[in-house]
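Each remark here refers to the structure printed beneath this line.
The values are calculated or read from the model by the stated rules, or taken from the named source; none is laboratory data. Owing to the predicted nature of the structure, the values given are computational and were not obtained by experimental measurement. Cβ placement follows ideal geometry from the backbone for every residue including glycine, while neighbour counts extend to all protein chains displayed.
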Amino acid sequence: MALKIAPSILSADFANLATDVAKIEGVGDLIHVDVMDGHFVPNLAFGPQVVAALRPLTKLPLEVHLMVENPESFIPSFVQAGADTILVHAESTHHIYRVVQMIQEAGVKAGVVLNPGTPIEMVRSVLHIVDEVLIMTVNPGFGGQKFLPDMLSKVNHLAQNRDTTANGDYAIEVDGGVNADTIGQCADAGADIFVAGSFVFDSADPAAQIQRLRGLVE
Ligand code: DX5
Ligand code: ZN
């Protein structure tokens, strides 16, 4: 699986999103959009209007990371807005299987997400249908937090499961605290997609930061 760098616009300049997206066009592999409802996580960020506004500005796939309660009710509006992938936390719904089906039936790729305190068992029954599994490597809600290395055992387990059994053909993504010091460990554990927010956008040259990360894993 080709490795991908996914800049997270949570650390971009919100007053100049178009400018920041232009800086990573053709350099990042996709754009990670964090959606927060102030309930599932203690912060607020981005709604479907932002995804719709970004859609015509970039050729990069838009990946929506839903950190919301009752994710079912938001899926149609993010599909409509032009999301290419929708990621749903296993902890946020009683019906993770149904939510994955809903997303895929709408023609969009579906991923499941696990908080640091949540074991792989929570998503084992959907591994054979999902397009992606995202392992949170920080507690979700904020950019700029410290990487949690003990999450790498989950990445490793998912990679082994995918590569040695017939249970799944998913990409493995990590999100939180990914930078030049931590990306190597994530790649070694078996991650394919690396979300990076503050490392990319807290820099005068986001494109160079993406290339730096890419150089460390390819
Ligand atoms: C955190 C978000 C992340 C965030 C990562 O809840 O899901 O996508 O943007 O930011 P960094 O890379 O700064 O840890
Ligand atoms: Zn995220």
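Just checking, does the range 54-65 include any residue being among the charged types (D, E, K, R) and crowded, with 21+ Cβ neighbours inside 10 Å? Scanning the range 54-65 turns up at least one residue that is among the charged types (D, E, K, R) and crowded, with 21+ Cβ neighbours inside 10 Å. Note on the range 6-29: residues that are buried (at least 17 other Cβ atoms within 10 Å of the Cβ) and either free of Cβ contacts under 8 Å to residues at least 24 places away in the same chain or within 11 Å of ligand 1 (Cβ to nearest atom) (or both) total 7. Residues in the range 133-190 that are within 16 Å of ligand 2 (Cβ to nearest atom), among the aliphatic types (A, V, I, L, M) and surrounded by fewer than 20 Cβ atoms within 10 Å (Cβ to Cβ): 148 alone. Residue pairs whose Cβ atoms lie under 7 Å apart, separated by 6 or more positions or on different chains, with the first residue in the range 38-53 and over 18 Å from residue 14 (Cα atoms) and the second surrounded by fewer than 16 Cβ atoms within 10 Å (Cβ to Cβ), are 38/44. Take the conditions (1) within 9 Å of ligand 1 (Cβ to nearest atom); (2) touching a residue at least 40 places away in the same chain (Cβ under 8 Å); (3) more than 18 Å from residue 85 (Cβ to Cβ); residue 147 misses just one of them, which is (2). Filtered by the rule that a residue be within 14 Å of the chain's Cα centre (by Cα) and more than 14 Å from ligand 1 (Cβ to nearest atom), the range 66-85 gives 83, 84. Note on the range 202-218: residues that are crowded, with 17+ Cβ neighbours inside 10 Å and either in a strand (DSSP E or B) or not hydrophobic (A, V, I, L, M, F, W, C) (or both) total 4.
Can you say whether residue 176 is touching a residue at least 24 places away in the same chain (Cβ under 8 Å), farther than 17 Å from residue 2 by Cβ, of a type outside the set (Ser, Thr, Tyr) and away from ligand 1 (no atom under 11 Å from the Cβ), as far as the supplied structure shows? For residue 176, the condition - touching a residue at least 24 places away in the same chain (Cβ under 8 Å), farther than 17 Å from residue 2 by Cβ, of a type outside the set (Ser, Thr, Tyr) and away from ligand 1 (no atom under 11 Å from the Cβ) - is not met. Does residue 90 satisfy the condition of being in contact with a strand residue (DSSP E or B) (Cβ under 9 Å, 6 or more places away or on another chain), farther than 24 Å from residue 5 by Cβ and modelled with pLDDT of 95 or more? It is true that residue 90 is in contact with a strand residue (DSSP E or B) (Cβ under 9 Å, 6 or more places away or on another chain), farther than 24 Å from residue 5 by Cβ and modelled with pLDDT of 95 or more.
Considering 21, 41, the condition of being of a type in the set (A, V, I, L, M, F, W, C) and within 18 Å of residue 112 (Cα to Cα) is satisfied by 41 alone.
As for the range 111-125, it holds no residue that is surrounded by 15 or more Cβ atoms within 10 Å (Cβ to Cβ) and either more than 23 Å from residue 141 (Cβ to Cβ) or among the aromatic types (Phe, Trp, Tyr) (or both).
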